[in-house]
Amino acid sequence: MERAIDIRSLRKRLNWTQDRLAEYLGVDRSSISRMENGQPASGPVERLLSMLEKEAAQ
């Protein structure tokens, strides 16, 4: 089982706003808020977040 991405922490490390992350992922800002408050990311959004997390770790 894959671990959940801490979206709020990732966003803070990147120094991005919810609006900026939403734009990058192609979703509405309210979706970012919901994901930060426990709704799991899925599909393409989850894959993009995983890629972004790997890039931020480098």
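The values are calculated or read from the model by the stated rules, or taken from the named source; none is laboratory data. Note that this is a predicted model, so its numbers are computed, not measured. Ideal geometry is used to build each Cβ from the backbone, glycine not excepted, and the neighbour counts take in all protein chains shown. These accessible areas exclude ligands, DNA and RNA; they are computed on the full protein's heavy atoms, side chains included. Shrake-Rupley method; radii C 1.70, N 1.55, O 1.52, S 1.80 Å.
If a paramagnetic tag sat 7 Å from the Cα of residue 36 along the Cα-Cβ line, which residues of the range 3-20 would have the backbone N under 20 Å from that point?
Label zone hits: 4-20.
Under the rule of -39500 (n - 2.57) per DSSP H run of 4 or more residues, summed and divided by the residues of the chain, what mean residue ellipticity at 222 nm is obtained, to the nearest 500 deg cm²/dmol?
Working: 4 runs with 39 residues, N = 58.
Estimated from H runs of four or more residues: -19500 deg cm²/dmol.
Taking all protein chains as present, what is the carbon and sulfur share of the accessible area of the range 14-55, in % to the nearest whole number, probe 1.4 Å? Please list the in-between numbers first.
Working: 1260 of 2680 Å².
On the range 14-55, the fraction of accessible area on carbon and sulfur atoms equals 47 percent.
Taking Cα pairs under 8 Å and at least six residues apart, what relative contact order does the chain come out at, in percent? Intermediate values should be presented prior to the final figure.
Details: 32 pairs, mean separation 22.4, N = 58.
The value is 39 percent.
Normalise the Cα radius of gyration of the chain by 2.2 N^0.38 Å (N = residues in it) and let me know the number.
Numbers: Rg = 10.3 Å, N = 58, 2.2 N^0.38 = 10.3 Å.
Normalised Rg, Cα atoms only: 1.00.
Using the heavy atoms of the protein chains alone and a 1.4 angstrom probe, what is the accessible area of the chain per residue in square angstrom? If you can, show how the numbers build up before the last one.
Numbers: 4140 Å² over 58 residues.
For the chain, the per-residue accessible area is 71 Å².
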